[in-house]
1. I'd like the Karplus ³J(HN,Hα) series for region B:104-110: coefficients 6.51, -1.76, 1.60, θ = phi - 60°, whole numbers in Hz, and an x wherever there's a Gly or Pro.
2. Do you know the relative contact order of chain A, to the nearest whole percent, from alpha carbon pairs under 8 angstrom that are 6+ apart?
3. Looking at the square roots a ≥ b ≥ c of the eigenvalues of the Cα gyration tensor of region A:13-65, which shape do they give, rounded for a/c under 1.5, prolate if a/b is larger than b/c, or oblate?
4. Can you tell me which of B:S13, B:S21, B:S39 moves the most in a GNM of chain B? Springs connect C-alpha atoms under 10 Å apart.
5. For B:R148, what accessible surface area do you get with a 1.4 Å probe? Give it in Å², rounded to 10.
6. On the protein heavy atoms, probe 1.4 angstrom, tell me the percent of accessible surface of the protein assembly as shown carried by carbon and sulfur.
7. With every protein chain present, what accessible area does B:D95 have (1.4 Å probe, heavy atoms only), rounded to the nearest 10 Å²?
8. To the nearest 20 debye, what charge dipole does region A:67-267 have about its Cα centre, counting +1 at the Cβ of each Lys and Arg and -1 at the Cβ of each Asp and Glu?
Amino acid sequence: MPANTPAILPLSSFDLAVASALVLVAGVISVAMRVGLHRQLAVAALRTLVQLVLLGYCLEFLFQLDAAPLVLAWLALMITAAGRAAMKRPSRTFRGAFLRGWAALAISAVLTTFTVTAAIIGIDPWYDPQYLIPLAGMVLGNSLTGISLTVDSLLETLDARRGEIECLLSLGATRWEAARGAIRTALRRGMTPILNAMAVVGLVSIPGMMTGQILAGAPPMEAVRYQIMVMFMLAGATAVGSIIVAWLVYRRLFNDRHQLRAELIERRND
Amino acid sequence: MNGSLVLTDVAVSAAERPLLSEVGLSLAPGALLALIGPSGLGKTSLLRAVAALDDWRGHITLDDRTAAQWGYPAWRRAVVLVQQRGVMLAGTVRDNLAAGFGLSVAGPPPPEDTTDTLLADLGLDRRVADQQADRISVGQAQRVSLARALLVQPRVLLLDEPTAGLDPEATRQVEAVIRRACAGGMCALIVSHDPDQPTRLGAATVDLARFRAPGSAAAAPPPEGDSATTEPRHAR
């Protein structure tokens, strides 16, 4: 959005204190109803505050310095944080899982974000953090969900249905023929959230980015154009990330002798 | 030897625990060999190694060629393992029987009456073919998995407890089908806990206990069904 948009009404610290009353209401209800969530709620509210304020300072700093190496370093940090989150969630893991999740995220995020910023929006300079960072953030958030679900499903199938996969191998299936059913299921699972989001976007909720643009005074149709582009970008990023991670997991768990190495899969205890 | 399955100085392990070593066996076409020995010895692990599903050390050849020389999928097409407890794939029983034919190594599927005849020989009603494979009994699944393997016409059949839990009548039918397949030139390695089965099959027996690896603890858990070797360690 243009920086000189006049429509945005600034929020003061006092305004935020008033907003915190809304969380307080939730806390009071939790105590009164003995739901037992008030402590978690307090921690979550505090985290929201601290994390976002820190983010704000970092972004202001990045925007002011406006230096390519710093922007790229920030991007790498975001990818690493997203990679950790993505690979922590699946109920099974294997040695080297994080690296593969990280690689899938990095490739999908860099590919889609730069396609959008360079080829579609045409930002100048190419690393303009005002565009690059928020777009990469959205891409990573969605890609990480897709990657996480894909890995969870794929490892679950390869572990729980080992007998069936080895049955196919025993009949002369190549590793690809034996694995493709599991991979197909995993990709479907990884793509489900973004497909659902695309199906209901605008019907149920106005997406966060579009809400932000409208609040900031952008004309609705302009916000809509951006949102359409963002949805397509997120679909592309999720698909690319899920496919790459599925491929990397497949190559790790099936060797050149067309054997399933199910013994590499570790179940998490929690 | 041409036409034969030959194991020379083969060693197998499970989860880096040595089980068997210096195994030497040879099966000519039509031969039936029963592998006997106590639980946990490594009988299933040996079958998995021969099927190239797990790694092994030593030499395993068919027609003097190793699995690597055959290409692993082609090897497993020629040396088919029938796992314990009748593993069923998704879909109907008929889908299961056709599972070996949707693959890149596969020829055309067999005609339907071949399938039905085979099912009948195994004591299975042809109506079973249209049932969902996850709805049939364990005993039926065991026989369907044998039929699924026989339909791809392997050179060598590896059978892991093919009649465990079957009633005497079904056992007799399964044994007759195995004997007939071997009379047709297929050879079979069979693991069985039924002490009379080798005799009924007319099979030679090998007690694998004499190949127990130094340092193996045959009585220790996990059971042999959990066989899994780790990093590549077999000679090609």
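The values are calculated or read from the model by the stated rules, or taken from the named source; none is laboratory data. This one's a predicted model, so the numbers in the text were calculated from it and none came from an experiment. Using ideal geometry, Cβ is built from the backbone for each residue, glycine included, and neighbour counts are taken over all protein chains shown. Heavy atoms of the whole protein, side chains included, go into the accessibility calculation; ligands, DNA and RNA do not. Shrake-Rupley method; radii C 1.70, N 1.55, O 1.52, S 1.80 Å.
1. 5, 7, 7, x, x, x, x
2. 26
3. oblate
4. Checking each option, the largest mean-square fluctuation is seen for B:S39.
5. Spelled out: B:R148, probe radius 1.4 Å, area about 10 Å².
6. Percent of accessible area from carbon and sulfur atoms in the protein assembly as shown: 61.
7. Roll a 1.4 Å probe over it and B:D95 shows about 80 Å².
8. 620
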